[in-house]
Amino acid sequence: MLSRESGATLMSAITAFLYREARLQDEHQYEAWEKLWTDDGVYWVPANGVDIDPERQMSIIYDNRSRIALRVRQLMTGKHFTQTPQSNLRRLISNIELMDEQPDDGDIAVASNSLIFESSLRDDTLWAARNEYRLRHVDGELRMAHKKVILVNNDKAIYTLSFLV
Amino acid sequence: MNMMTGVSPWERLIRPDRVHGSLYTDPEIFEAELKYIWYRTWVYVGHESEVPNANDYVVKSIGPQSVIMTRDEQGKVNLLLNRCSHRGNQVCSYERGNARSFTCPFHSWTFANDGRLVGYAFPDGYEGQDKSQLALGRVTRVESYRGFVFGSFAADGPTLKEHLGGAAETIDRLVRTSPEGEVEITAGFLKHRVKANWKFILENECDGYHPAFVHTSIFGVADSMIGKLYGGASTALTRDYGNGHTEIDLRPEFRKRDAPMSWFGTSEERLPDYATRMKAAYGDTAARGIMIDGTPHVMIFPNLFIAEIQMFVIQPLGVDDSVQHVTALQFKGAPDLNRRLRQQTMGSVGPAGFLLADDSEMYERCHRGVLARNPEWIFLGRGEKRERQDELGFTVGHVTDEVPSRGIWTHYRKLMEPA
């Protein structure tokens, strides 16, 4: 949609979107977060590197849209003990870039870094990730069609990751 | 603690229906476990399919020790310790690959992938040295059962077959699920770390009492029939095979349903290619039986857990620090089944899994809980009075009974008694 908006306007809309997503995740606003997804959304957290084939290799999360909904429903029960009590979270989103790659379907390729501080019953944990998004305008608003979270330490043994990353 | 003479410390800590909380938290006991369990008995290390070709290697572990599983030129599988025989540097820094030899980065000593020292830098300083005495350390005994490779650091002791005993049959049952009779471990591992003692994980794997409570959040929102298998009315069994091996036997429930592939929440119609191949391989009647019974839910002491669709490997790193390595089981010749196995496994286990995230929360809370020293004991008496022997003489109980934990601790005490 670069033709419709100037680069600066688009960048500002994308930044606002990513900050909002971060806040909804940090504050456990699961339903509002789920509404950010397109109907064909894919939420992917690979394991063991950046470019594994999720159709062949194990990923930490590889959710299609219905499994995203299931994840949210489980969190909403209040009996998903690993989030009962909920982790206290704050994350920084930075290095937001429009990527050169233009997906065929008019989606917008965006990437950012994130640094997440989690305080849970277990302990305080620091998570760092590279996030890659495909965003799409739906009814005049941005939505996530694809989100890939590449944890810096995804090749190591990691603690439970049960909040929305 | 009662220091009566003639009573071993283990007898004081392990009773038929309860165990002392310090068994999970005492660092000295953990060190003794490394010596008497992890560095002495048979421990699962890896699967032959992880090193399919000559010179393939993959880095595995036995407890905190790094072990390189290699397939040498002759096709033999070796378990080598990842420690240069010169100054102790790790000779292998990649998780997997294909290499004829490993060269230590420190002083360039080079070892063949069967462990032999083949050369050192500046050999003129080593006159009279016998290279054969400077090989990489090895896991003393290596044996495999249907592709599952186990190692033992003890030169003597039971064979792997003797160690597996009655539990070997569960592995036979597992590989039959493949139309070609083989499991393949090819999907890569998720590595989930918990701040908890490894025995909380070991016991939980065949604890049929907890699912109705710990997994209520997912059973409540997903269209899952797993919950019913673990209810009070379930006909499923717990079993103690001896040698620390335990099972939850779900076959009575699956046989009642009498529907092929119901164990996996699906049907023959949805996996037509698989069903056809199974019938071609085993004949209609046997294939139907296999597809009704499903795969086992078995914990091979001390670290290999086969959970119907997944394989877990427990790794203790410290008294309160453990890793579960987990992957989807893959069955040779079953591509349509394998895809579903991977998808289901990714949903349920690993750090963000619908099931395992809550299990790991329980291990960690138990670990913090037992640091409180009163009451001192952990009660494991559920179902003690209704245990019985099955037709093969193994102790069985209701699926929610603590038969497995009692079996594990009986074996544990036998192993630890010399300490």
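No value in this document is a laboratory result; all are computed from the given coordinates. This structure is a prediction, so every number in the text was calculated from the model and none was measured. A quick note on method: Cβ atoms are made from the backbone with ideal geometry, for glycine too, and the neighbour counts reach across all protein chains shown.
Order these by the 10 Å Cβ neighbour count, fewest first: A:161, A:70. Spell out each step's value before the answer.
Details: A:161 24, A:70 18.
Exposure proxy ranking, most exposed first: A:70, A:161.
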### Query
Check residue B:400: other-chain or 5+ apart residues with amide H under 5 Å from its amide H, H built from backbone geometry?
none
### Task
Can you list which of the GluC sites (Glu not before Pro) found in the stretch A:101-165 are DSSP loop residues with at most 13 other C-beta atoms within 10 Å?
A:101
### Query
Roughly how many whole Å is it from the C-alpha centroid of the stretch B:92-115 to that of the stretch B:196-270?
43
### Summary
Going from the fewest other Cβ atoms within 10 Å to the most, one would list A:133, B:94, A:43, A:19 as B:94, A:19, A:43, A:133
#### Entry: Unit charges on C-beta of K, R, D, E only; dipole of the protein assembly as shown, Debye
700
## Note on the structure
Long-range alpha-carbon pairs in the stretch A:1-149, meaning those over 21 Å apart, account in percent for 47
### Task
Averaged over every viewing direction, what's the projected area of the C-alpha convex hull for the stretch A:101-165? Give it in nm², one decimal, please.
5.8
### Task
Go through B:126-139, B:276-289 and give me the packing order, highest mean Cβ count within 10 Å leading.
B:276-289, B:126-139
### Message
Going Cα to Cα from residue A:79, which lysines come in below 20 Å? Please leave out same-chain ones fewer than 8 positions away.
### Response
B:228
### 18 Å Cα-Cα threshold exceeded, pairs from A:156/B:191; B:35/B:199; B:60/B:195; B:76/B:332; A:147/B:195
B:60/B:195; B:76/B:332; A:147/B:195
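Among the DSSP beta bridges whose two residues both lie in chain B, what percent are antiparallel, rounded to the nearest 5?
Bridges in chain B that DSSP calls antiparallel: roughly 100 percent.
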### Task
Would you mind listing how long the stretch B:281-419 runs along its three principal axes, going by Cα atoms, in whole Å with the largest first?
56, 40, 29
### Query
Gaussian network model of chain B, Cα springs within a sub-10 Å range: biggest mean-square fluctuation belongs to which of B:146, B:340, B:87?
B:87
### Task
Return the loop-located GluC sites (Glu not before Pro) in the stretch A:15-83 (DSSP other than H, G, I, E, B) with at most 12 other Cβ atoms within 10 Å of their own Cβ; answer none if there are none.
A:55
### Message
Once you order the gyration tensor axes a ≥ b ≥ c over the Cα atoms, which shape class does chain B get: rounded for a/c under 1.5, otherwise prolate or oblate by comparing a/b with b/c?
### Response
oblate
### Query
Between A:121, A:98, A:75, which gets the highest mean-square fluctuation from a Gaussian network model of chain A, Cα cutoff 10 Å?
A:121
### Message
Through the Karplus equation 6.51 cos²θ - 1.76 cosθ + 1.60, θ set to phi - 60°, convert the phi angles of the stretch B:124-141 into ³J(HN,Hα) values in whole Hz; use x for Gly and Pro.
### Response
5, x, 10, 4, x, 6, 9, 4, 5, 8, 10, 6, 5, x, 10, 6, 4, 10
### Summary
Checking every Cys Cβ in chain B against the others at 4.7 Å leaves as unpaired B:92, B:206, B:366
### Where only alpha carbons of the stretch B:185-290 are counted, the Rg and the Dmax (Å)
16.9, 48
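Sorting check: for B:40-48, A:89-97, which peptide has the highest mean count of neighbouring beta carbons within 10 Å, and how do the rest follow?
Working: B:40-48: 22.8, A:89-97: 14.2.
Output ranking for B:40-48, A:89-97: B:40-48, A:89-97.
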### Task
Would you look at the GNM of chain B, springs on alpha carbons closer than 10 Å, and say which of B:398, B:86, B:20 moves the most?
B:86
### Query
Under unit Cβ charges (Lys, Arg +1; Asp, Glu -1), what dipole magnitude, rounded to 20 debye, does the stretch A:12-165 have relative to its Cα centre?
620
### Query
When B:49, A:66, B:152, B:262 are ordered from fewest to most other Cβ atoms inside 10 Å of their Cβ, what list results?
A:66, B:49, B:262, B:152
### Task
In debye, nearest 20, what is the charge dipole magnitude of chain B about its Cα centre with +1 on Lys and Arg Cβ and -1 on Asp and Glu Cβ, if you could check?
160
#### Entry: Top positive-direction residue, dipole computed over chain B with Cβ charges, set B:232, B:188, B:133
B:188
## Note on the structure
Over all directions, the protein assembly as shown yields a Cα convex hull whose mean projected area in nm² is 31.6
### Message
In the protein assembly as shown, if the dipole is taken from +1 on Lys/Arg beta carbons and -1 on Asp/Glu beta carbons about the Cα centre, which of A:50, A:30, B:259 is farthest to the positive end?
### Response
B:259
### Query
Within 10 Å of each Cβ of B:219-229, how many other protein chain Cβ atoms are there on average?
2
### Summary
Expected integer from the mean partner chain Cβ neighbour count at 10 Å over A:152-162 is 6
### Message
Let's test this: bin the Cα-Cα distances of the stretch B:13-97 at 5 Å from zero up to the farthest pair and state each bin's percent.
### Response
3, 13, 17, 17, 17, 11, 7, 7, 6, 2, 0
